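Quick note: the coordinates plus some simple rules give every number you see, no bench work behind them. Remember, it's a predicted structure, so these values are computed and weren't measured experimentally. Every residue, glycine as well, gets a Cβ built from its backbone with ideal geometry; the counts of neighbours run over all protein chains shown.
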Amino acid sequence: MKFIIKNDLWLEQILKKKCYFLIADKVKGKEFKTFPTGFISCKLNPEDFKESFYLQSKKFLYIDNQLTFSSKEKLNNKFKNCELAKKTDISEILRLTSFLSNSRFHNDKNINIKQSNMIKEKWVSNFFLGLRGDGLVIYRGENSIEGFLLYLKEKKK
């Protein structure tokens, strides 16, 4: 199996240890008999069965599936109570990150709860700093923001 390995400096700041991100790449990647010491994550496409089995044979833990949704709908008045987030919404949205207890970081036994919570808080904060995501949709209840979706655009999706 061929992979490219990159340092994950953002995650290193939170976990306070060496962190890497693996990218499966059959053309530019190289084969790894062993991997560096530290926290290593890898997102695979659903069809990457061989790569998944290979990493699991190297003691990588299978943590979660990434879901991708596609829609031709545009955010408009048709979606009651949903709107694009504004900078003034940040404190309410950050409050909601404390409820994100089922993320891939929370499910990883090698990351403690405090670190997992910090990762999610910084992940959302980075949207407002222009460092993560293409948009953030909020669901506004009667008195407060009750949910959000941070999304990435891929091509025209």
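Taking +1 at the Cβ of each Lys and Arg and -1 at the Cβ of each Asp and Glu, which of 102, 20, 34 sits farthest along the dipole of the chain towards its positive end, judged by Cα position relative to the Cα centre?
Among 102, 20, 34, the one farthest towards the positive end of the dipole of the chain is 34.
Find the relative contact order for the chain and round it to a whole percent, using C-alpha pairs within less than 8 Å whose residues are 6+ positions apart. Numbers along the way, then the final one.
Working: 184 pairs, mean separation 27.4, N = 157.
Relative CO of the chain lands at 17 percent.
Taking H placed 1.01 Å from N in the peptide plane, check which residues at least 5 places from residue 20 or on another chain put their amide H under 5 Å from its amide H.
It is 8, 39, 40, 41, by chain and number.
Taking the chain as the region of interest, what is the percent of Cα-Cα pairs per 10 angstrom bin, listed from the shortest bin to the one with the maximum distance?
9, 32, 34, 19, 6, 0
Could you list, in their original order, any pairs among 28/120; 33/155; 16/109; 6/59; 58/153 whose Cα atoms are separated by more than 25 Å?
Values: 28/120 31 Å; 33/155 34 Å; 16/109 16 Å; 6/59 19 Å; 58/153 32 Å.
The pairs that break the limit, which is 25 Å between Cα atoms, are 28/120; 33/155; 58/153.
Please compute the contact order of the range 2-57 in relative form: average sequence separation of alpha-carbon pairs under 8 Å and at least six residues apart, divided by the residue count, as a percent.
Values: 72 pairs, mean separation 19.1, N = 56.
Across the range 2-57, relative contact order equals 34 percent.
Counting Lys and Arg as +1 and Asp and Glu as -1, each charge on the Cβ, what is the dipole of the range 1-132 about the Cα centre in debye, to the nearest 20?
Numbers: 26 positive and 14 negative charges, 47 e Å.
The dipole of the range 1-132 has a size of about 220 debye.
Under 25 °C and 0.890 mPa s, how fast does the range 82-151 diffuse according to Stokes-Einstein, given a Kirkwood radius computed over C-alpha pairs? Answer in µm²/s, whole number. Let's see the in-between values first.
Values: Rh = 12.6 Å.
For the chosen part, D equals 195 µm²/s.
In the range 1-35, what trypsin sites (Lys or Arg not before Pro) fall in a loop by DSSP, with at most 10 other Cβ atoms inside 10 Å?
Sparse-neighbourhood loop trypsin sites (Lys or Arg not before Pro): 16, 26, 28, 33.
I'd like to know which of 131, 44, 145 lies farthest towards the positive end of the charge dipole of the chain, counting +1 on Cβ of Lys and Arg and -1 on Cβ of Asp and Glu.
Farthest towards the positive end: 44.
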